Each structure stands twice: as C-alpha cells, then as structure tokens.
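Take a look at the structure below.
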Amino acid sequence: MKTPSQIAMTSDHAGYEMKQQLRKHLESKGIKVIDIGTYRPDAVDYPDYGHQLGEKIGKGEYPMGISICGTGNGINMTTNKHTGVRGAICWSGEIAEMARKHNDANICSLAARYTDLDLAKHIVDIFVSTGFEGGRHERRIRKIDL
Ligand code: RB5
C-alpha cells in the first residue's frame, strides 16, 4: 500500500508526549502530520479530542489517524462513535498488520502508558504501510456501521 501523505493525530494528556515523539517520527519519513491536540501536557478529557479526530476521519477529510490516551481505550471508544471510523487498539506489530489487512482500520489507537516508544514507532510504521486485503473482508467491514 502507498503510505498516506498525511495523517491526523490526537491525544489526551496521557498520550501527549508519545504524540509529540510519533509526530517527529512520521515527519522524518516525509508524512505531513495534522496535529489536532492536545497541545500541552495538562489534564484534559479524551472525548474532546477523540471526537474531533473521529469527525475528520469519518468525513474522509484525512485518510488515516492516530489516537493516543493512557490505555488507548477511551479515545478509541470515542472515535468509533463516528460513522466510517474503524479505530483499532494496536499493541503489537501483528495486531496493527491485521487491523489494516482484515479490518481496513483507519485509526490506530495506542496505549501510551503501556506501550514503549520504540514499539509504538514499529506499530505505526506497520499501520501506515499495510494495505487492506479486501475480498471477504470488504463485505464484513460494510456491516460495521449502523
Ligand atoms: C487518563 O488518566 C486516562 O484515563 C486516559 O488517558 C485513558 O486511559 C482513558 O481511557
């Protein structure tokens, strides 16, 4: 798959530092990053950020997103409320690969408090470069949205 030329990112305070690091990592690979916030490490509520990303990805404004909170759960639950969003919590390279191949996941959600930065970089690299297999999986993902 052709790596997307731009990726939107968001996080709460727990994911702030990882977002900053991953942003640099992606930009060093020539990917334009649209940073939706949070822009500082002060405590915020993850739905305020997850909804912004979910809306943009759901509407097709950006092809792919990365969401980060402490566990990956809250921000992923939030983005997945938006039609067209398929957010997957990725905690290994293999999970990221399958999320793209079988689920055509368009948001990679990371658990900043439980994922080492090098692993997070590895996960993101696989997520952005792996394509959807289509076929029977196309039929299945079409049944996800209500
Ligand atoms: C914030 O303390 C934490 O609850 C949040 O980052 C996330 O893990 C929620 O799912």
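Every read-out reported here was derived from the displayed coordinates using simple, explicitly stated rules and does not represent laboratory data. Being a predicted model, the structure only gives us computed values, none of them experimental. As a convention, Cβ positions derive from the backbone with ideal geometry for all residues, glycine included, and neighbour counts pool all protein chains shown.
Just checking, does the stretch 125-138 include any residue being within 29 Å of S28 (Cβ to Cβ) and in a strand (DSSP E or B)? No: the stretch 125-138 contains no residue that is within 29 Å of S28 (Cβ to Cβ) and in a strand (DSSP E or B).
Pick out, from the stretch 1-74, the strands (runs of 3 or more DSSP E) lying fully within it that include 2 or more residues that are small (G, A, S). Correct list: 6-11, 65-69.
With respect to the conditions (1) near the ligand (Cβ under 9 Å from one of its atoms); (2) surrounded by 19 or more Cβ atoms within 10 Å (Cβ to Cβ), A43 lacks only one, and its number is (2). Only residues that are among the acidic types (D, E) and in contact with a helix residue (DSSP H, G or I) (Cβ under 8 Å, 6 or more places away or on another chain) were counted in the stretch 32-60, giving 2. Screening the stretch 75-100 for residues that are under 14 Å from L110 (Cβ atoms) and outside any helix (DSSP H, G or I) and picking the one that is farthest from the chain's Cα centre (by Cα) gives S92.
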